[in-house]
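For reference, the structure is listed below as structure tokens.
The values are calculated or read from the model by the stated rules, or taken from the named source; none is laboratory data. A quick note: this is a predicted structure, and the numbers were derived from the prediction, not measured. Please note: Cβ atoms are built from the backbone with ideal geometry, for glycine as well, and neighbour counts cover all protein chains shown. These accessible areas exclude ligands, DNA and RNA; they are computed on the full protein's heavy atoms, side chains included. Shrake-Rupley method; radii C 1.70, N 1.55, O 1.52, S 1.80 Å.
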Amino acid sequence: MDTTQQHPESTGIPQKYLKNLAAYVTIALLLGIAVGHYYPEQGIQLDFLGSGFLYLIEPLIQPIIFLTIIIGVSSIDNLKKVSRVGFKALVYFEIITTLAMIMGIMAALFIEPGKIEKSFIDAALPKHFTATESLNDGWFNFIILNRPLVLVLLAVITGVLLSLSPGRAKYVTTLQKIMTFLYKILMYLFLLIPVAAFGGMAYAVSRFGIHSLLPLGKLLATTYITMALFVFVVLGLLLRYYNISLWKFLNYIKEELLIVFSTSSSRTAFPLIVAKLEKAGCSKAVVGLSIPLGYSFNLAGASIFLPVCTLFVAQLFDIPLTLHDIITIGLVIMVTSKVASGIPGSGFIALTITFTTLNKFPLEGLALLFSIDKFMNEARTITNFIGNGVAVIIISKYEKDFEPNPEIDLSISK
């Protein structure tokens, strides 16, 4: 089935704008920092630009994900392949996120980011934060945030039923037209990304201040360094085994990375990464099944973020941890990390649930972490996003269902 109409070049958006999107977003972020720092009262009022953009695109993202899965599953003639690809994807996701979690635990134990001056704590605590509100919101959102998994299951079932229908071709063509229409609307809304980036950054700097990050710089550095090591070492070596260059892949998806960074949500770039992976040569069936599953199960960024922050609070409040405690933390995080499914703020919800489940950590630690979650979220989300893109390539290669596009060279130069 032809997929060219899903790509940005067919949406009518000027190519010059898309090519310069990274520059526009960078300028917007710098302006946001300046406004937030020098005009904090005005900057904090600009939060509606970032949150409003997410409210605009959210109604389009869910249907596009739903249709992508249906079309991907229904395009597989052999239903055994659906279960085979899905099973391999889930096994890969569990292995890779467990490895990411272990890296997070090791980094926190080695660097000890919680060993900071206690006098800095009060200055960083947001005064309006209450543990009870966070706890209640956490459990409520735990239920709400399971929607992506329900969506995936319903879409897979629909795709399987559609593949058995004698009128499959006609129905798939209709669904493709609907998705193309939704995709075009979404791409036009993406023209507002620099505006959203400006508002979001201005609010973050106004709300928390640049200097409030300094006491927690060690925690931020630990998280960012660990995630960078995961991406460039673990994912880089996996791609290298299949003769794919990580650097070339990151350059290939740089616009999508800017979108994810600007909106703090990997779902905003969902249709773009689907189109890019298919264009690069990944199987439509593998992309349509693995990417949505990855949004719920392949959250390497969250798997690093949760143990680092949990052990940070333990170190900060001098809570002794035995080997049994650390193993328990790991087992709990293996479950709670699946909550952080690409929606802004869901990583902090997962952290709240982790704390309350373990029942050993003071909720005051959540207040401290809440003050910098905006800045943690960017690294967490981008790591998740890159991990999902790499997973599709790995699974496509493993399935021998990867046909390289001669116009897109991702291979390692000989």
Mind telling me which of the residues PHE270, PHE198 ends up being of a type in the set (Phe, Trp, Tyr), closer than 28 Å to VAL335 by Cα and in a helix (DSSP H, G or I)? PHE270
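This table checks each residue for (1) open to solvent by less than 20 Å² (accessible area, probe 1.4 Å); (2) farther than 24 Å from ASP318 by Cβ; (3) in a helix (DSSP H, G or I); (4) modelled with pLDDT under 80.
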site: THR98; (1), (2), (3), (4): no, yes, yes, no
site: LEU109; (1), (2), (3), (4): no, no, yes, no
site: PRO113; (1), (2), (3), (4): yes, no, no, no
site: PRO148; (1), (2), (3), (4): yes, yes, yes, yes
site: VAL160; (1), (2), (3), (4): no, yes, yes, yes
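Kindly evaluate THR268 against the criterion of being under 12 Å from the mean Cα position of the chain (by Cα), more than 30 Å from ILE111 (Cβ to Cβ) and not aromatic (Phe, Trp, Tyr).
yes
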Across segment 245-266, what is the number of residues that are open to solvent by 10 Å² or more (accessible area, probe 1.4 Å) and not hydroxyl-bearing (Ser, Thr, Tyr)? 10
Test for LEU189: is it under 30 Å from ILE394 (Cα atoms) and either open to solvent by 40 Å² or more (accessible area, probe 1.4 Å) or assigned to a helix (DSSP H, G or I) (or both): no
Could you tell me whether any residue of segment 11-29 is open to solvent by 80 Å² or more (accessible area, probe 1.4 Å), modelled with pLDDT of 60 or more and under 18 Å from GLY199 (Cα atoms)? yes
